[in-house]
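Working notes for the structure below.
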6 protein chains.
Amino acid sequence: MSRIDGRTPDQLRPVTLERGWSKHAEGSVLISFGDTKVFCTASITEGVPRWRKGSGEGWVTAEYAMLPRSTNTRGDRESVRGKIGGRTHEISRLIGRSLRAVIDFKALGENTVVLDCDVLQADGGTRTAAITGAYVALADAITWAQTKKTIKAGRQPLIGTVSAVSVGIVGGVPMLDLCYEEDVRAETDMNVVCTGDGRFVEVQGTAEAEPFARDELNALLDLAVSGCAGLDTAQREALARTL
Amino acid sequence: MSRIDGRTPDQLRPVTLERGWSKHAEGSVLISFGDTKVFCTASITEGVPRWRKGSGEGWVTAEYAMLPRSTNTRGDRESVRGKIGGRTHEISRLIGRSLRAVIDFKALGENTVVLDCDVLQADGGTRTAAITGAYVALADAITWAQTKKTIKAGRQPLIGTVSAVSVGIVGGVPMLDLCYEEDVRAETDMNVVCTGDGRFVEVQGTAEAEPFARDELNALLDLAVSGCAGLDTAQREALARTL
Amino acid sequence: MSRIDGRTPDQLRPVTLERGWSKHAEGSVLISFGDTKVFCTASITEGVPRWRKGSGEGWVTAEYAMLPRSTNTRGDRESVRGKIGGRTHEISRLIGRSLRAVIDFKALGENTVVLDCDVLQADGGTRTAAITGAYVALADAITWAQTKKTIKAGRQPLIGTVSAVSVGIVGGVPMLDLCYEEDVRAETDMNVVCTGDGRFVEVQGTAEAEPFARDELNALLDLAVSGCAGLDTAQREALARTL
Amino acid sequence: MSRIDGRTPDQLRPVTLERGWSKHAEGSVLISFGDTKVFCTASITEGVPRWRKGSGEGWVTAEYAMLPRSTNTRGDRESVRGKIGGRTHEISRLIGRSLRAVIDFKALGENTVVLDCDVLQADGGTRTAAITGAYVALADAITWAQTKKTIKAGRQPLIGTVSAVSVGIVGGVPMLDLCYEEDVRAETDMNVVCTGDGRFVEVQGTAEAEPFARDELNALLDLAVSGCAGLDTAQREALARTL
Amino acid sequence: MSRIDGRTPDQLRPVTLERGWSKHAEGSVLISFGDTKVFCTASITEGVPRWRKGSGEGWVTAEYAMLPRSTNTRGDRESVRGKIGGRTHEISRLIGRSLRAVIDFKALGENTVVLDCDVLQADGGTRTAAITGAYVALADAITWAQTKKTIKAGRQPLIGTVSAVSVGIVGGVPMLDLCYEEDVRAETDMNVVCTGDGRFVEVQGTAEAEPFARDELNALLDLAVSGCAGLDTAQREALARTL
Amino acid sequence: MSRIDGRTPDQLRPVTLERGWSKHAEGSVLISFGDTKVFCTASITEGVPRWRKGSGEGWVTAEYAMLPRSTNTRGDRESVRGKIGGRTHEISRLIGRSLRAVIDFKALGENTVVLDCDVLQADGGTRTAAITGAYVALADAITWAQTKKTIKAGRQPLIGTVSAVSVGIVGGVPMLDLCYEEDVRAETDMNVVCTGDGRFVEVQGTAEAEPFARDELNALLDLAVSGCAGLDTAQREALARTL
C-alpha cells in the first residue's frame, strides 16, 4: 500500500538538519521533514524570569510561529492582528514542555534558553519538526555556554534526548509522519514526543472524524516510537558533525 | 493505599449534575467533580459562521474561563489583561473538539451552539468536568431546539455521548480523577475524552517530571476508560431526570 | 397598581444572601434579587498598589463582569474581544467607590481587598445586587483577616454598612428595584447607594426618555432610601447567621 | 465666604463659547469654563450604525479625550497604552446620553452625529464643559445639514437645550462649578445635566469622603439648576451671534 | 505662475507661533502654517527611561496625533481602535529625531522632555509645523528648567535651532510648503528638516507618481533650505517676545 | 582607506538572490547582502481591498518583520507584545511605496500582491535588501499570474525595475552599503531607492550625530546611484536564470 509520495506507512520523510544556520544565535538549526522547513534558534541569556529568581535553577521556553506565506494560501500575521491564536499558543507550550523534559534545571543554573521555531515552509508535521530541531539547537547552545563558562562544568544540563513525530490513521491505515495532504484526510491524528530511550514525554491524540479504538491507538503508538528512534539517529548524526 | 481524600486509586470524586441552572440558556448545567464546580451553558442560535454558510451544516464551539477567585490565590481577569492566555485557548479548543466528535452537523442544520464553561471553583480536573457538563447542556439545548422546531425532525444531531476524566501517576501510583493537590504532585498527567462506547476522542498525556513508559500509559488508559464509564452513567441519570 | 411580577411599586424582589459559597475566597456570597444572581468574592492580600505603598493605608477595588450567557441572548466575552466595554468599566468603578465609602483605610492597614462580582444570571439590577452582596463578602473577609491577625486588632476597618437599589419611573409610576422588563420600559432609571443610616454614597439618575422633574426625583429618592433600609436588614440577618 | 478664585459659592466661572473654530467640522466650538478649555466638534454623516439601519432614525454619539498635557502632570496617551480607561469611557457615554436627550431621532433621519470633545486644558469640570459646548456644536451641525438639505425640512431634530455643571460640598459649603483645587478637596461631588426648562437629564452624585444627607443633596441640586440656567443663557447668546 | 492660494512657488504660508498657550506645560506653542494648526507642548520631568539611567544624559521624545476631526472627513481615534497607525508612528519618530539633533544630552542632565504635537486642524504640512513648533516649546521648557534649577547652569542643552518644511513638485513645478490640495496632487513630495545654519537633519523624499531626477531633487532642496531660513526667523521672533 | 570587511568605500557587499525558495508562494527569493539575509515572498490573489473595488486597478502592499533572533541579542516578537513597533511600520510602508512605484495598476487588474519580507539574519541594510529582493519576487509572481491568465495579456504591469541601498558617512568618509557595525558608527545614514534608469523613488537621510551639509548629501547620493546600478544588474542576472 503506497502513499501519496511513495513512502510505506511506517516510513519517515527525508530528514535534514543543518546546524549553525544563524551567525547570531548560540544554537541554530534548519530542519526539514520533507517539504516542511523550520528554522530553530536557541538563545541563551543569563538570568531567569522573576518567579524563578534565587532558585538556582534555569528555565527553557519556546515560541513557535509560521511565516505568513509558509502555507499554501497566505495567512495573516499574528503581529498585525495584535494577538496570538490558540493554535500558536498550544504549539509553543508543547515545544517548551517537551524540551524541559530533558533538562536538569539545577545544572543549567540561573540561565534562560528561548527556543524560537519559525516555520519557513509548511507541509504537515511542523510542530514535530520544531521539537526535533529545537533539541539540536538547544544542545548546541548548551555546549556554547559550557565553552564560555556561562554554565558551570560538572553536571550536564541535558539529561536526555527528545524528538517528535506525527502519526495518524488515513483511509483506515496507520501511517507515520503525515504530510499535509495526509493530515487533512486523517481520521485520527496524533503527535508523540519521545525520549531517546523510547519513553513518552507527550502523547496527543485527536479523533478528527471517528473516535478511535484502543488497538488503533496502540498501532499508532508503535509507529511513533519507531519513528522517533529514526529521528533520534538523525539528531545524533547531525550533532556528531563538526559545526 | 489511600488518597488525600480517602478515595481508592480507581475511584471518581462525587459527581453532581444540576440541569436547568440558568433561566436564559437553552441548556445549562452546574457540574461538580468534588470541589471543582463548572457552570456550563449551551446557547443555540440560527446561522453559522461565514466560512460555513450555505453548507447546510451546523457548528459547535466552546469557550472556557475561570472566575478570578475560582482558585486558591486570585488570578487576573483575562478581559482586564486584554488577552486570552495559552492555557485558556488550549482548553477551549479541547472542549470544542470533544463535543463536535458526537455531533452530526448535517442533522444540526445551519445552527450554531456555543458552549460556555465557566469555572466557579477549581480543585483539579476543570477541563474534564467542563467537557462532561457541556455534553449535558448540549443535549438539553438540542432537545429544546427540536421542540421549538429550530432543528428539523428526523435525524438526531447527537450521535453519541462524551465525557472526560483526568488520570495521573502520583507517587508511583496510577490514579483516577486527580484533585488539585494530587495534580500538583503528579509525575504524569493525562486527560482522556471517551465516547460512551469506550472509544477515544482525545488522549493528552504529559510527563510532568519523568518520561513515562508504555505500561504506565496503558495503566492510565485503563483507569480513564473505566472513569469515563462512570461519568457516562452520571450523565444518563441526570438527563433521565425531569427538567 | 400591580407590577409584572405582582409586586407593589415600593416592594423589593425576594433577596437571598448565601455566604461561604467559595472554599477559596476570604469572603464570598451568592446574592439574588429575584432572578438576578451575582457571585461576589472578596480576596484580601497583604500589600497595596505601588502609589499607596508606605502610606499605612489599605485599598479596596472591584471588578464586575457578566458571564456571556447571563443574559437572554449570549454576549461576547470581553476577554475574547480583548477589551473591556464602557459599561463594565463604569459599574466596576461604581462598586469600588461604594465599598470604599465604608472603609477606614488606616484601620485596614496596608492590605488590599479585591471584590469580584460576576453576574451568573441577569434580570435587572445587577450592579445594585453586586454592591449589596459585595458588602457582605467584604465584611466576612475583614473578619477572616482579623482572626488571622493580618489586620491588627483595635480599630474596626468597616465603619458603616452599604447597600444599593435601582428605582425608576415606569409608565409614569415610580417603582423600586426594577426587573429587566421594567428597566427596559423605564422613562427614568436611577441607581442609589445608601449607608445603613440612610445617607447617600452615590446617586445616579438618567432620563431614558423624557427629562425628569424635581418632584419625580424626590419620589425616586424616597423609594430608594426605603429599599436600602430593607436590604440593610437582609445584610444584617445574613451576617448574623453562622458561617 | 470667598472661594479660591474669589467667586461666591453660587457663581459660575467666566464662560466663553467660540463657534466655528474648525474649518472642517459641520459644527465646532471652543468652550471655556475658567481655565478649563474643551474643543468640541460635531461631525454629521449620512447613514447610521448597522443595528439602526432601516429604522428611519438617526444616531448621536460622543467621544471624550484629554490631551496628554491638558493636566498639571502629563498623562499617558490612551492610544499609546492601547486601551481606553474607565473614566474616559464613562464620560464619553455620559456626553452621548445627555445630547441624545434633546434629539428627535425621527426628525434627524438616518444621519449620525459624532461629538468629539477634546480637553485642551483641564481645571475641573471638563465633562460639564464638554456637554455644554457639544450642545452648541450639535446645533450648528444640524443647521448646516438643514441648509444642505441632508436633513429634511419640517420637523426640528433639536427638541430642547441641554447644559451641565458640577456642584460639590467643599469645606462644608455647597458650591457651584468647582475648579480643580476645589474638586480635589470636595467631600461630595455632583455632575448635573439639565434641559433649558430646568428638568434633569442626568444626576450623578458621589460621596468622596463622607456620605451625604438628603438636605445636602437638595442644596446641591438647587445650585446646579441655577448654574445650568446661566449656561443656557450663554449658549443662547453664542448661537445668536453670526457664525 | 500662481498657486491655489495665490502664493508664488517659493513662498511660505503665513506662519504664527503663539507661546504660552497652556497654563500647565513647561513650554507650549500653538503654531499655524496657513490653516494647519498644531498644538505643541513640552513636558519636562526629572529622570530618564530605564535604559539611560546613570548615564548622566537626558532624553527627548515626541508623540504626534491628529484630533479625529482635524481633517476634512472624521477619522477614527487611535485610542478607540486600540492601536497606533503606521503614519502616526513614523511622524512621532521623525519629530523626536529632529529635536534630538539640537540637544546636548550631557547638558540636559538626567531629565526627559516629551514633546506632544496634536493637530487641531490639518491642511498639509502637519509634521513640518509640528517640528517647527516643538522647537519653540522645547526652548521654553529648557528655559523654565534652567530658571527652576532643574537643569544645571553652565552648559546650554540647546545647541542649535531646527525647523522643517515640505516641498514638492506639483504640475511639474517645484513648490514650497504644500497645502493639502497641492500635496494630494504632488508628483513628488519631500519633507526637509534643517538646522538654523542650513544643514540637514532629515531629508525624506518620496515619488508619489513618477520617480524623480537628480535635478528635480536639487531644486526641491534649494526651496526647502530657503523655506527653513524663513521659519528660523519666525521662531527667533517668537522667542524674542516676552512670554 | 579600507573598511571593517576589507571593502572600498564604494563597494557593495556580495549579493545573492535565490529564486523559488518557497514551494507555495507565487514568487519567492532569499536575498543576501553579505550576512544580511531576507526571505521575500510575493503572494498574488484575485480581488483588491474594499476602498479599491470596482476601480479596475490592482494593489501592492508589503509587510516587513524580523525573526526574534535575526539580531545579535534576541528581540521580543511583535505578535507576543500584541503590537507592531514604529520601526516595523515605517519599513513596511517604505517597501510598499517603493514597489508600487514600478507598477501599472490598470495593467495589474483587480489583483493584490502582498510582499512579505522576513529578516532571517540581520547585519545592516535589511530594508534595502528587502526592497531589492521583493522586486524579484514580485516579478516572478507577475509572470506566474500572466501564465495562469489571472493577469490579462497585453499590457505589462511591471513598468520599471527598483532596488535600494544604504549609504552613510562613517568616520567622515561616505560609504556604500553599510554593515551593522558601520551603521552603528555612522554620523549620517541614508536609504535610497532607485529605479533602473537612475531616478529616485525614495531618499531618506538622517543625521545620526551631526547635521549634514549639502556636499555630503551629494556625495552620498552619488554612491547610492552607483550602488543601485550594481543591484539592478544582480536582479537582471537572477531573473535571467531558469526558475
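Observations on the model:
- Seen against the Cα atoms of chain E and their longest principal axis, helix E:214-240 is set at about 40 degrees.
- The HN-Hα couplings worked out from phi for segment C:79-84 by the Karplus form 6.51 cos²θ - 1.76 cosθ + 1.60 (θ = phi - 60°) are 5, 6, 5, x, 7, 8 Hz, whole numbers, x standing for Gly and Pro.
- Interface burial for F against A (accessible surface, 1.4 Å probe, total of both chains, Å², rounded to 100): 2900
- Applying the Karplus relation 6.51 cos²θ - 1.76 cosθ + 1.60 with θ = phi - 60° to segment C:191-202 yields 3J(HN,Hα) values of 10, 10, 10, 10, 8, x, 8, x, 8, 9, 9, 8 Hz, where x marks Gly and Pro.
- Debye, to nearest 20: dipole size of the protein assembly as shown, +1 on Lys, Arg Cβ, -1 on Asp, Glu Cβ: 0
- More than 13 angstrom apart: percent of Cα pairs within segment E:199-243: 66
- Accessible area per residue in Å² at 1.4 Å probe, computed on segment A:9-159: 37
- 5 Å-binned pair-distance histogram of segment D:90-131 (Cα, whole percent): 5, 19, 28, 20, 14, 8, 4, 2
- Close amide H contacts of B:Ile151 (hydrogens built in the peptide plane, cut-off under 5 Å, sequence separation of 5 or more or a different chain): B:Gln146.
- For segment F:59-80, a decrease in accessible area of 20 Å² or greater in the assembled protein chains relative to the isolated chain, with a 1.4 Å probe, applies to F:Glu63, F:Leu67, F:Arg69, F:Asn72, F:Arg74, F:Arg77, F:Ser79, F:Val80.
- Solvent-accessible area, 1.4 Å probe, carbon plus sulfur percent, for chain B: 50
- Comparing C:Gly172, C:Gln146, C:Thr112 along the charge dipole axis of segment C:99-175, the residue lying farthest to the positive side is C:Gln146, per the Cβ-charge model.
- Set the Cα radius of gyration of segment C:1-131 against 2.2 N^0.38 Å, with N its number of residues, and you get 1.19.
- Whole-Hz couplings from phi, Karplus 6.51/-1.76/1.60, listed for segment F:115-122; x for Gly and Pro: 9, 9, 10, 10, 7, 8, 8, 10
- Alpha-carbon Rg/Rh ratio, for segment A:109-243, with Rh computed the Kirkwood way: 1.05
- Trypsin sites (Lys or Arg not before Pro) within segment B:166-243: DSSP coil, no more than 13 neighbouring Cβ in 10 Å: B:Arg241
- The angle between the Cα long axis of helix F:126-147 and the main principal axis of chain F comes to about 20°, on a 0 to 90 degree scale.
- Among B:Ser55, B:Ser166, B:Ser22: highest mean-square fluctuation, GNM of chain B, C-alpha pairs under 10 Å: B:Ser55
- Check: chain E dipole with +1 on Lys, Arg Cβ and -1 on Asp, Glu Cβ, in debye: 1200
- Applying both filters, DSSP loop and at most 14 other Cβ atoms within 10 Å, to the chymotrypsin sites (Phe, Trp or Tyr not before Pro) of segment F:155-236 eliminates every site.
- Rounded to the nearest 10 degrees, the inclination of helix E:86-100 to the longest alpha-carbon principal axis of chain E is 60 degrees.
- Calculation over all alpha carbon pairs of the protein assembly as shown in 10 angstrom steps from 0 returns a P(r) of 1, 7, 13, 18, 19, 18, 14, 7, 2, 0 percent.
- P(r) for chain D, from all Cα pairs and a bin width of 10 Å, is 8, 32, 35, 19, 6, 0 %, short bins first.
- Over 27 Å (Cα to Cα) - which of F:Lys37/F:Lys83; A:Lys53/A:Lys149; C:Lys23/C:Lys83; B:Lys53/D:Lys106 fall in this group: C:Lys23/C:Lys83; B:Lys53/D:Lys106
- Gaussian network model of chain C, springs between alpha carbon atoms under 10 Å - residue of C:Glu26, C:Glu181, C:Glu202 with greatest fluctuation: C:Glu181
- For A:Tyr64, distant residues with modelled amide H under 5 Å away: A:Ser92, A:Cys117
- Cysteines, chain C, no other Cys beta-carbon under 4.7 Å: C:Cys40, C:Cys117, C:Cys179
- Contact order relative to length of segment D:141-243, as percent, for alpha carbon pairs under 8 angstrom and 6 or more apart: 25
The values are calculated or read from the model by the stated rules, or taken from the named source; none is laboratory data. All figures in this text were calculated on a predicted structure; none of them were measured in a lab. Positions of Cβ are backbone-derived with ideal geometry, glycine not excepted, and every protein chain shown enters the neighbour counts. Areas reflect the complete protein model, heavy atoms only, side chains present, ligands, DNA and RNA absent. Shrake-Rupley method; radii C 1.70, N 1.55, O 1.52, S 1.80 Å.
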